[in-house]
Amino acid sequence: MTQASTHYDVIIIGSGAGGGTLTFRLAASGKKILLLERGDYLRREAENWSTKAVNQDGRYNTKEVWRDKRGEALHPHTNYFVGGNTKFYGAALFRFRSEDFGEVAHHGGLSPAWPISYDELEPYYSQAETLYSVHGNRGEDPTEPHASSPYPYAAVSHEPRIQQLSDDLAALGCKPFHVPLGVKLDEKNPRKSPCIRCATCDGHPCLVNAKSDTQICAIEPALECSNVTLLTNAYVEKLATSSSGREITTVRVKRHGELEIYTANVVVVACGAINSAALLLRSASSKHPRGLGNGSDIVGRHYMGHVNSVMMAISKCPNPTVFQKTLGINDFYFGSKEWQHPMGHISFVGKLDADTLRAGAPTIAPGWTLDLMARHSLDFWLTSEDLPDPENRVSLDRDGQIVLSYQPNNEEGHSRLIAKLKDLLKGSTRCSVHGHECHQGLFSRNLYAAQRIPLAGVAHQNGTIRFGDDPKTSVLDRNCCSHEVSNLYVVDGSFFPSSAAVNPALTIMANALRVGDHILERLS
Ligand SMILES: Cc1cc2nc3c(=O)[nH]c(=O)nc-3n(C[C@H](O)[C@H](O)[C@H](O)COP(=O)(O)OP(=O)(O)OC[C@H]3O[C@@H](n4cnc5c(N)ncnc54)[C@H](O)[C@@H]3O)c2cc1C
Ligand code: SF4
């Protein structure tokens, strides 16, 4: 065992959207910061952009095996690298709607209110959009909340097929909008643009470091400050407390097979919603018999990950789009004239190709091959809100391995969203060659390689260590500090009391900046 030679002001565990962004916020303070990351730097190599390597071979997925509630093996679609899952994300950087912070009645039940309002997070959303170079156009999305600043960069333009779809949808009375995206693309100066607008963005690392991921935007700048240290391959096993149980005294790290011990005034957990819950549960002790800070028995419960579908709309006309993820539809986010409950959000995944399809084995349209389908498909991504159910939870088995129990809920809105998309596509008329006959049908497809285990798609994991004002119903207070352990914070997607229906990363980043300000105040 190696004793720590130094003590830190703050230890941050996990370098993804939450932990990496918090490290950036704290770096300039001069405080001694230690960032612990279980993974390594992601190697830059040709396979970064190979759909076969990434989607079929799962080259970068963790090889860890979890269990579902029946004890069946679960091969999670998640990644352990510096920058966390932002190395692979599609960089669609949405603000939650202001209504998402209040209580919302869904068909399947109530989505609970957050302890903070949208207005409290708004300044941090603006800061996060600047830090992550978000491109977008304010005023297009009919559900977008008010913002104190314009997007730092104008929206990424649609390619012709997507522009045609946007025009079709507008003619049908919808308000399609440009998805806010974190890519360092300079369309006015392509020769100098870091981003080359390729087809392997969503789900892939960026080989040319032009995606606004947390390593590039937050961790690399933070590491320029001599007070910030990053240790890779540093797996945090356990957090131990003083005899009172009121504060964390040591952070136990497994690194290259050795146990290392670190200490800090403040310890921030940011391992992703599933691993953070697992870490607190692993850290059970006589003072915290159900897990660290878990007197309420809430740690690990209320797991959410959205109701997500990938839908391929096949038409006779090819879809030669390279960078497809530019268009979104939120017209049905809160419901429709016929149905008063929220349905969700429609946008795109990166352009699917035959290799990616092979990994998910979709229903093959009669008379088509996978390659032909991929060349003719518009590949939609549909997200609806799932509700926090205490029985949907992360727990540990007798060997300490992660068990993820999940029963989907609130699915009616999602089915109606799919039906809405089908109607819209049937109604689209702009194909001059095939007219209404151009659209052949909509096929559902599980994007994840482990198609028979859809639970493995944990990309949008959140909610397992919720924040709130009541210690009986939440683990963290409104500053994301444990109600029970005075120097423990959590800043990844765990803190969400509800999941909303747009992508989670910008909210995690904005909240990390907010909590960062609170920690700085505390340390000063
Ligand atoms: C393919 C894909 C596409 C996505 N697209 C989008 C998108 O377009 N828009 C969007 O908003 N979101 C998207 N997401 C989701 C987004 O990436 C996550 O919401 C976000 O990264 C979560 O941030 P986090 O801080 O909670 O966790 P993570 O980013 O997962 O970071 C957690 C970090 O903790 C480390 N860690 C875990 N356990 C330990 C431990 N015990 N000790 C030390 N370190 C540990 C992990 O290695 C990891 O680096 C996507 C995700 C995926 C996988
Ligand atoms: S070059 Fe641009 S589009 Fe391609 S992966 Fe990088 S950021 Fe994404």
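Please treat every number below as a calculation from the coordinates, not as lab data. Remember, predicted model here, so these are calculated numbers, not experimental data. Here the Cβ positions follow ideal geometry from the backbone for every residue, glycine too, while neighbour counts run over all protein chains shown.
What's the extension gain from Arg138 to Glu72 if we count 0.36 nm per residue and subtract their Cα-Cα distance?
Working: separation 66, 0.36 × 66 = 23.76 nm, distance 4.55 nm.
Taking Arg138 through Glu72 to full extension adds about 19.2 nm, to one decimal.
Where does the charge balance sit around Leu520 when Lys and Arg score +1, Asp and Glu -1, over other residues with C-beta under 13 Å from its C-beta? Before the final figure, lay out the partial values.
Details: positive: Arg25, Lys31, Arg514, Arg522; negative: Asp9, Asp517, Glu521.
Every neighbour counted, the sum reads +1.
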Sites Trp368 and Val322 - FRET efficiency at Förster radius 22 Å, r taken between beta-carbons, to 0.05: 0.55
Largest to smallest principal axis extent of the C-alpha atoms in the stretch 171-316, angstrom: 66, 41, 27
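Would you mind ranking His107, His414, His518 so that the residue whose beta carbon has the fewest other beta carbons within 10 Å leads the list? Don't jump to the answer; show the numbers that get you there.
Details: His107 20, His414 24, His518 14.
Sorted ascending by nearby Cβ count, the order is His518, His107, His414.
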Residue-averaged [θ]222 nm for the chain, counting only DSSP H segments that reach four residues, each worth -39500 (n - 2.57): -6000 deg cm²/dmol
Whether the stretch 100-242 is rounded, prolate or oblate, judged on the alpha carbon gyration tensor where a/c under 1.5 counts as rounded: oblate
Between the stretch 21-58 and the stretch 257-281, the alpha-carbon center distance in angstrom: 17
Over the chain: Rg over Rh, Cα atoms, Kirkwood Rh: 0.96
Cα gyration tensor category, rounded, prolate or oblate, for the stretch 285-398 with a/c compared to 1.5: prolate
For a label point 7 Å along the Cα-to-beta-carbon line of Arg522, residues of the stretch 94-125 with backbone N under 20 Å: 115-117, 120-121, 124
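Over the chain, what is the percentage of antiparallel beta bridges among all DSSP beta bridges, to the nearest 5? Please list the in-between numbers first.
Numbers: 48 of 71 bridges.
Bridges in the chain are about 70 percent antiparallel.
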Length-normalised contact order of the chain in % [C-alpha pairs under 8 Å, at least 6 apart]: 24
Sites Ile196 and Ala170 - FRET efficiency at Förster radius 30 Å, r taken between beta-carbons, to 0.05: 0.55
Degrees, to the nearest 10: 118-131 long Cα axis against longest axis of the chain: 80
Proxy reagent accessibility, fewest Cβ within 10 Å first, across Asp371, Asp470, Asp353: Asp470, Asp371, Asp353
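My understanding is that a pair violates if its Cα-Cα distance is over 19 Å; which of Lys175/Lys325; Lys316/Lys351; Lys175/Lys337; Lys175/Lys422; Lys32/Lys238 do that in this structure? Spell out each step's value before the answer.
On the way: Lys175/Lys325 16 Å; Lys316/Lys351 17 Å; Lys175/Lys337 15 Å; Lys175/Lys422 17 Å; Lys32/Lys238 21 Å.
Check vs 19 Å cut-off fails for Lys32/Lys238.
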The stretch 20-34 - phi-based ³J(HN,Hα) in whole Hz, Karplus 6.51/-1.76/1.60, Gly and Pro as x: x, 5, 5, 4, 4, 4, 7, 4, 5, 6, x, 5, 7, 10, 10
Cα-only Debye scattering, the stretch 224-269: base-10 log of I(q)/I(0) at q = 0.14, 0.31 Å⁻¹: -0.39, -1.17
Inter-label distance, nm, simple model (7 Å from Cα along the C-beta direction), Lys287/Thr130: 4.0
Built amide H within the under 5 Å cut-off of Ala234, gap 5+: Glu37, Arg38, Gly39
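Applying a 10 Å radius around every beta-carbon, put 172-180, 32-40, 52-60, 297-305 in order of their mean neighbour count, most first. Display every interim value, and only then the final one.
Numbers: 172-180: 20.6, 32-40: 22.9, 52-60: 18.0, 297-305: 25.9.
Taking the mean over residues of other Cβ atoms within 10 Å, the ranking is 297-305, 32-40, 172-180, 52-60.
Once you have a ≥ b ≥ c as the square roots of the Cα gyration tensor eigenvalues for the stretch 139-186, tell me rounded if a/c is under 1.5, and otherwise prolate or oblate according to whether a/b is larger than b/c. Please list the in-between numbers first.
Values: a/c = 3.51, a/b = 1.27, b/c = 2.77.
Taking the square roots of the gyration eigenvalues as a ≥ b ≥ c, the stretch 139-186 is oblate.
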Contour excess over end-to-end distance, with Cα ends at Ala154 and Asp40 and 0.36 nm allotted per residue: 37.7 nm
